[in-house]
Amino acid sequence: MRMSQYFLPTLKEDPSEAQIVSHRLMLRAGMIRQSSAGIYSWLPLGLKVLRKVEQIVREEQDAAGCQELLMPTIQPAELWQESGRYDDYGAEMLRIRDRHDRDMLYGPTNEELITEIVRAHIRSYKDLPKLLYHIQWKFRDEVRPRFGVMRGREFLMKDSYSFNLNHEGARAAYNRMFVAYLRTFARMGLKAIPMAADTGPIGGDLSHEFIILAETGESEVFCHRDLLEFDVLDEDVDHAADLQPVVDRWTSLYAATDEKHDEAEAAKLGDALVNARGIEVGHIFYFGTKYSKAMNAAVTGPDGEQVFPEMGSYGIGVSRLVGGLIEAFHDENGIIWPESVAPFGAAVIDLKVGDVDCDAVCDDLYAKLRAAGVDPLYEDRDERAGAKFADMDLIGVPWQIVVGPRGIKNGVVEFKNRASGEREEISAESALARLTG
Ligand code: 5CA
């Protein structure tokens, strides 16, 4: 992408409405634009990151044997009346009436809709287990939408639903999602810690929130210091195997959100107790037959009897993760994207646009990086060097190749790493080789 043509409305000044760094940087980097309280448009740069995050989530769901489908955002009220949640959900639910006076709603979650689909199509125990997910916009009329995409009213969620014949099967599905979540967040460079959590309006008695630690997090959390050192990517994960040992390892040390915090238990940790603030990026629930019974979604069991599938649901805040990533990765100059979610793989910065030699080196680098699939951003605007550096640091592309007339005379470009700030003078060919392996 050429900067001269890119729709990237960056801001020089800090927007006054933003209270936390991720919100401030998302506005300054031209990633989002608020349309009304807690509702945002995703501009090209923001959307690129959102899609990268979404793709990692999708790959790990697929790897765990979860099948993608897509349910609508607008749902009929009847299904929620069947489950009993139409009234329970309260003012957070956006209720709509269509032209035929039918009560509809903008889905805050999808337990009812997925149960209706399974009820219609799955009649026999032979068709279980099933693990299904979608990535779809949700609406919750939050009392206090704030912190940009962190607590929005409209937000993108990945939600999965498991249907099993018995408790053991349901627990295996829960474990699969537990491990898929650890892998998902780790691939984004995030340290997400599973913590015992409350179930709220979703229900059930087994639940974990996945929390990344950040000063601006909305939840107060408590955990054993050693959990911060665990790394799931070190482990060989086979989703077909029994994952209980992996889950046991991750839940062997104390970790709880505020609501589940047990002072006496925590006191036993002494100095090893971390009391911090955290951002909930995922939440998984096991709630047995709560919805299958209420909605009469029975299957025929092996002996012809009626069995209500055991269910769980598993959410990831896809749009919230974009803010969470910035909370975890930034400095005073802007965002520092981990490579796995970076909007562009590298930037080529032409310091003297119009200079035949600079333009030729940059054009060549840009073409070769594109051909190699690096997805480069080409800073080809006729701007001051200072402004170019500031914008590039702000939007956080992991690698920058700076091309100027002085370097070209010596046969070198500057190769800069955004995260470490380290700069090296190397040939354009070496820079290319570094990025294309
Ligand atoms: N049905 C279950 C699991 S699919 C469910 O809805 N769980 S949830 O309420 O915990 O939401 C799942 C995830 O969505 C949360 O962990 C959080 O990361 C994200 N989320 C929830 N509310 C918001 C919000 N207002 N803005 C942004 N993300 C949100």
**Complete:** In nm², the average projected area of the convex hull spanned by the Cα atoms of the range 346-436 is 5.1 nm²
**Request:** State in Å² the accessible area per residue of the chain; use a 1.4 Å probe, count heavy atoms of protein chains only, and round to the nearest integer.
**Result:** 44 Å²
**Message:** Using a Debye calculation, one point per C-alpha and no hydration shell, please list log10 I(q)/I(0) for the range 21-335 at q = 0.15 Å⁻¹ in order.
**Reply:** -1.30
**Prompt:** Taking a 31 Å limit on the Cα-Cα distance, which of the listed pairs 126/191; 48/409; 130/268; 158/416; 130/191 fall beyond it?
**Reply:** 126/191; 48/409; 130/268; 158/416
**Request:** Determine the share of the chain's accessible area contributed by carbon and sulfur atoms, expressed in whole percent, with a 1.4 angstrom probe.
**Result:** 47 percent
**Asked** What residue among 38, 286, 333 has its Cα farthest toward the positive end of the dipole of the chain, where the charges are +1 on Lys, Arg and -1 on Asp, Glu, each on the Cβ?
**Response** 38
**Complete:** Under the 7 Å Cα-to-Cβ spin-label approximation, residue 126 and residue 409 lie apart by a distance in nanometres of 8.1 nm
**Message:** Over the Cα atoms of the range 1-152, each weighted equally, I'd like the Debye log10 I(q)/I(0) at q = 0.10, 0.13, 0.15 Å⁻¹, rounded to two decimals.
**Reply:** -0.52, -0.82, -0.99
**Prompt:** Between residue 225 and residue 420, what is the label-to-label distance in nm when each label sits 7 Å out along the Cα-to-Cβ direction?
**Reply:** 2.8 nm
**Request:** Compute the relative contact order of the chain as a whole-number percentage, counting only Cα pairs closer than 8 Å that sit 6 or more residues apart in sequence.
**Result:** 17 percent
**Over the range 283-437, volume per residue of the alpha carbon convex hull, in Å³** = 170 Å³
**Fill in**
Cα-only Rg/Rh for the range 124-199 with Kirkwood Rh rounds to 1.04
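Provide the FRET efficiency to the nearest 0.05 for the residue 375-residue 233 pair, computing r from the beta carbons and using R0 = 35 Å.
0.90
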**Prompt:** Once the range 238-290 is represented by equal point scatterers at the alpha-carbon sites, with solvent omitted, what log10 I(q)/I(0) does the Debye formula produce at q = 0.20, 0.30, 0.32 Å⁻¹?
**Reply:** -1.00, -1.25, -1.27
**Asked** Plugging the Kirkwood radius over Cα pairs into Stokes-Einstein for the range 10-100, at a temperature of 4 °C and a viscosity of 1.567 mPa s, what D comes out in µm²/s?
**Response** 77 µm²/s
**Prompt:** Taking only Cα atoms, what is the 0 to 90° angle, nearest 10, from helix 44-63's long axis to the longest principal axis of the chain?
**Reply:** 50 degrees
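Work out how much length residue 69 to residue 191 would gain on full extension: take 0.36 nm times their residue separation and subtract the Cα-Cα distance, in nm to one decimal.
41.1 nm
The values are calculated or read from the model by the stated rules, or taken from the named source; none is laboratory data. Every value quoted in this text rests on a predicted model; they were computed, and no experiment measured them. Glycine gets a Cβ as well: all are built from the backbone with ideal geometry, and neighbour counts include every protein chain shown. Remember, those area values only see protein heavy atoms, side chains included, never the ligands or the DNA or RNA. Shrake-Rupley method; radii C 1.70, N 1.55, O 1.52, S 1.80 Å.
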